[in-house]
Amino acid sequence: MNDNISLEVNIAGLKLKNPVIAASGTFGFGREYSQYFDLNKLGGIAVKGLTPLPRKGNPPPRIAETPAGILNSVGLQNPGVHAFIEKEIPFLRGFDTAIIANASGNTVEEYEGMVEILSEADVDAIELNLSCPNVKEGCMSFGSTREGVSRVVARVKKFAKKPLIVKLTPNVT
């Protein structure tokens, strides 16, 4: 391998040593895979979705096989944003990789609070998860309409002190 080749990229103001990012939800908080894979090789880790308070997630079964593949419904199981800051960030800082925190919420106000908290934490960027249910909107996803996306992004940008990356839902027409 030629060490003179740079794979460095800049995404939304976030400088990464390479463009490989473990996607949110698929890689947990990195700890789960660290004994099997060298996290130092990643450009970044977008951690599992975080909520203001801990969530147990949905009861099993969480995965069902279908003729076309699988369906899953984990339910955003996570320790809550404060436990993430206290326990997971120090672990991840032991590796040479960017930390992208995934902020989830049920209301615009929860998203604002999450972005405000994570902007003060030792993360490199914030991924705004707009594929979560919106209780105030009849359980429709914020990310399913232009208006919903625009409203949430406009409100949380006021609190974002780190690069903000918006994760959209695929559940649109």
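The values are calculated or read from the model by the stated rules, or taken from the named source; none is laboratory data. Nothing here was measured: the structure is a model prediction, and the numbers come from that model. Glycine also receives a Cβ, built like all others from the backbone with ideal geometry; neighbour counts cover every protein chain displayed. Only protein heavy atoms, including side chains, enter the accessible area calculation; ligands, DNA and RNA are left aside. Shrake-Rupley method; radii C 1.70, N 1.55, O 1.52, S 1.80 Å.
Only one of these is over 19 Å from Ser24 (Cα atoms), buried (at least 19 other Cβ atoms within 10 Å of the Cβ) and at pLDDT below 95: Val156, Val172, Val152, Val108. Name it. Give the steps one after another, and end with the answer.
On the way: Val156 fails: at pLDDT below 95; Val172 fails: buried (at least 19 other Cβ atoms within 10 Å of the Cβ); Val108 fails: buried (at least 19 other Cβ atoms within 10 Å of the Cβ).
From the options Val156, Val172, Val152, Val108, the qualifying one is Val152.
Mind checking which residues of region 5-22 are surrounded by 14 or more Cβ atoms within 10 Å (Cβ to Cβ) and at pLDDT below 95?
Correct list: Ile11 only.
Checking Phe91 against (1) at pLDDT 95 or above; (2) surrounded by 16 or more Cβ atoms within 10 Å (Cβ to Cβ): exactly one of these is not met. Which one?
(2)
Show the residue pairs meeting these rules: Cβ distance below 8 Å; 6+ apart or different chains; first residue within region 1-26 and more than 25 Å from Gly49 (Cβ to Cβ); second residue open to solvent by less than 60 Å² (accessible area, probe 1.4 Å).
Leu7/Asn18; Leu7/Gly43; Glu8/Leu16; Glu8/Asn18
May I ask you to list the residues in region 22-78 that are under 25 Å from Ile117 (Cα atoms), in contact with a Phe, Trp or Tyr (Cβ under 9 Å, 6 or more places away or on another chain) and either of a type in the set (Gly, Ala, Ser) or assigned to a strand (DSSP E or B) (or both)?
Of everything in region 22-78, those that are under 25 Å from Ile117 (Cα atoms), in contact with a Phe, Trp or Tyr (Cβ under 9 Å, 6 or more places away or on another chain) and either of a type in the set (Gly, Ala, Ser) or assigned to a strand (DSSP E or B) (or both) turn out to be Ala22, Gly30, Ile45, Ala46, Val47, Lys48, Leu50, Asn78.
Please verify whether region 4-19 includes one or more residues that are over 29 Å from Lys161 (Cα atoms), out of contact with any strand residue (DSSP E or B) (no Cβ under 7 Å at 6 or more places or on another chain) and of a type outside the set (Phe, Trp, Tyr).
Start the filter on region 4-19 by keeping residues that are over 29 Å from Lys161 (Cα atoms), which leaves 4-5.
From what is left, the residues that are out of contact with any strand residue (DSSP E or B) (no Cβ under 7 Å at 6 or more places or on another chain) are 4-5.
Pick out the ones that are also of a type outside the set (Phe, Trp, Tyr) and you get 4-5.
There is at least one residue in region 4-19 that is over 29 Å from Lys161 (Cα atoms), out of contact with any strand residue (DSSP E or B) (no Cβ under 7 Å at 6 or more places or on another chain) and of a type outside the set (Phe, Trp, Tyr).
Could you say which residue among Asn40, Asn58 is at pLDDT 95 or above, open to solvent by 50 Å² or more (accessible area, probe 1.4 Å) and of a type in the set (S, T, N, Q)? Can you show your working first?
Details: Asn58 fails: at pLDDT 95 or above.
Going through Asn40, Asn58 in turn, the sole match is Asn40.
In region 122-146, what count of residues is obtained for those that are at pLDDT 90 or above and surrounded by fewer than 17 Cβ atoms within 10 Å (Cβ to Cβ)?
The total comes to 1.
Counting only residues that are touching a residue at least 12 places away in the same chain (Cβ under 8 Å), assigned to a helix (DSSP H, G or I) and not polar (S, T, N, Q), how many does region 83-120 have? Before the answer, list the steps.
In the first step, residues of region 83-120 are kept if they are touching a residue at least 12 places away in the same chain (Cβ under 8 Å); the result is 83-85, 88-89, 91-93, 95-108, 110-120.
This time we only want the ones that are assigned to a helix (DSSP H, G or I), so: 83-85, 88-89, 91-92, 108, 110-119.
After this cut, where a residue has to be not polar (S, T, N, Q) as well, the list is 83-85, 88-89, 91-92, 108, 110-118.
Result for region 83-120: 17.
Suppose we filter Asn72, Asn78 for residues that are without any contact (Cβ under 8 Å) to a residue 40 or more places away in the chain, in contact with a strand residue (DSSP E or B) (Cβ under 6 Å, 6 or more places away or on another chain) and under 24 Å from Leu164 (Cβ atoms); which single one remains?
After applying the criteria, what remains is Asn78.
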